[in-house]
Amino acid sequence: MVRGMTGAREDVIVQRWRDVLACYSNVSCALDRALQDAHGIGMSEFEALDRLVDATCEQRRMHDLAGDMYLSQSALSRTVARLERAGLVERGMCDDDRRAIFVTLTDAGRERHTEARRTQRAVLAEHL
């Protein structure tokens, strides 16, 4: 038990945590299903596109994109690879730092994001 916390208080905190997890699971499953069915992308792919659209130049360093998302570096790399195969983003090396990789939104990626954004927002409104 955490110092200073009663058993009853601890139980309340654990239940609140479980409620948060259940909400996240329900929303993320609904998002994944709706985005995949309507647009051929999953929640992680949409989130990467969404972060790129939010960037002022629609180009981000992979490292910075990873810092903004809930994915590990390797999971983000796989997500970006799927987006690249679909023609929605392009990856390129930084001229100043050969270790840095940039991810740039393509016109097709911008279009897919615009279409999928409506679906994402509708699912969020329904579940939240």
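Below is a table of values for the structure above.
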item	result
Asp54 vs. criteria at pLDDT 95 or above and open to solvent by 80 Å² or more (accessible area, probe 1.4 Å)	no
Conditions (1) within 15 Å of the chain's Cα centre (by Cα); (2) aromatic (Phe, Trp, Tyr); (3) at pLDDT 95 or above; number of the one not met by Tyr70	(3)
Failed condition for Val2, given (1) loosely packed, with under 15 Cβ neighbours inside 10 Å; (2) touching a helix residue (DSSP H, G or I) at 6+ places or on another chain (Cβ under 9 Å); (3) assigned to a helix (DSSP H, G or I); (4) at pLDDT below 90	(3)
Test: residue in region 59-74 that is touching a residue at least 12 places away in the same chain (Cβ under 8 Å), open to solvent by 40 Å² or more (accessible area, probe 1.4 Å) and of a type in the set (A, V, I, L, M, F, W, C)	no
Selection count where residues are touching a helix residue (DSSP H, G or I) at 6+ places or on another chain (Cβ under 9 Å), open to solvent by 70 Å² or more (accessible area, probe 1.4 Å) and among the β-branched types (Val, Ile, Thr), scope region 5-43	0
Region 79-91 - residue that is loosely packed, with under 14 Cβ neighbours inside 10 Å and within 30 Å of Ser25 (Cβ to Cβ) and, of those, nearest to the chain's Cα centre (by Cα)	Ala81
Options Val103, Val123, Val89; residue that is within 30 Å of Cys23 (Cβ to Cβ), modelled with pLDDT under 95 and touching a Leu at 6+ places or on another chain (Cβ under 8 Å)	Val103
Residues satisfying the stated conditions in region 92-107, i.e. closer than 17 Å to Ala55 by Cβ and open to solvent by less than 90 Å² (accessible area, probe 1.4 Å)	Gly92, Cys94, Ala100, Ile101, Phe102, Val103, Thr104, Leu105, Thr106
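The values are calculated or read from the model by the stated rules, or taken from the named source; none is laboratory data. Note that the structure is predicted; figures quoted are calculated from it, not measured. Cβ atoms come from the backbone with ideal geometry, glycine included; neighbour counts cover every protein chain shown. Note: areas computed on protein heavy atoms with side chains; ligands, DNA, RNA excluded. Shrake-Rupley method; radii C 1.70, N 1.55, O 1.52, S 1.80 Å.
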